[in-house]
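Following: one structure in structure tokens, then a few remarks.
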Amino acid sequence: MGDSEADKLEKYLAEKAKQDQEKQQESESLSAYDACVLKESAKIHELIAGAQEKPKDSLENK
């Protein structure tokens, strides 16, 4: 079950990042600050997803 949840999370984050990129391209009125915030937010979500997977993997090895 943990793997499917991780897969769902990865797919959600990939889709979310794709949508964010499309919004960025459509909206040229974004300031450099706003663009940076969106980019960093996507990175943070990826790091959170990776961190949530690591504890599950370490528990399965024990």
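The values are calculated or read from the model by the stated rules, or taken from the named source; none is laboratory data. Nothing here was measured: the structure is a model prediction, and the numbers come from that model. Note that each Cβ is placed from the backbone with ideal geometry, even for glycine, and that neighbours are counted across all protein chains shown. Just so you know, the surface numbers come from the protein's heavy atoms only, side chains and all, with ligands and any DNA or RNA stripped out. Shrake-Rupley method; radii C 1.70, N 1.55, O 1.52, S 1.80 Å.
Miscellaneous remarks
- E15 in a helix (DSSP H, G or I), open to solvent by 100 Å² or more (accessible area, probe 1.4 Å), of a type outside the set (S, T, Y) and modelled with pLDDT of 85 or more: no
- Neighbours by Cβ (under 7 Å, 6+ apart or cross-chain): first from the range 31-46, in contact (Cβ under 8 Å) with a residue 60 or more places away in the chain; second open to solvent by 90 Å² or more (accessible area, probe 1.4 Å): none
- Residue satisfying all of: in the range 22-62; of a type in the set (D, E) and under 22 Å from K8 (Cα atoms); modelled with the highest pLDDT among these: E40
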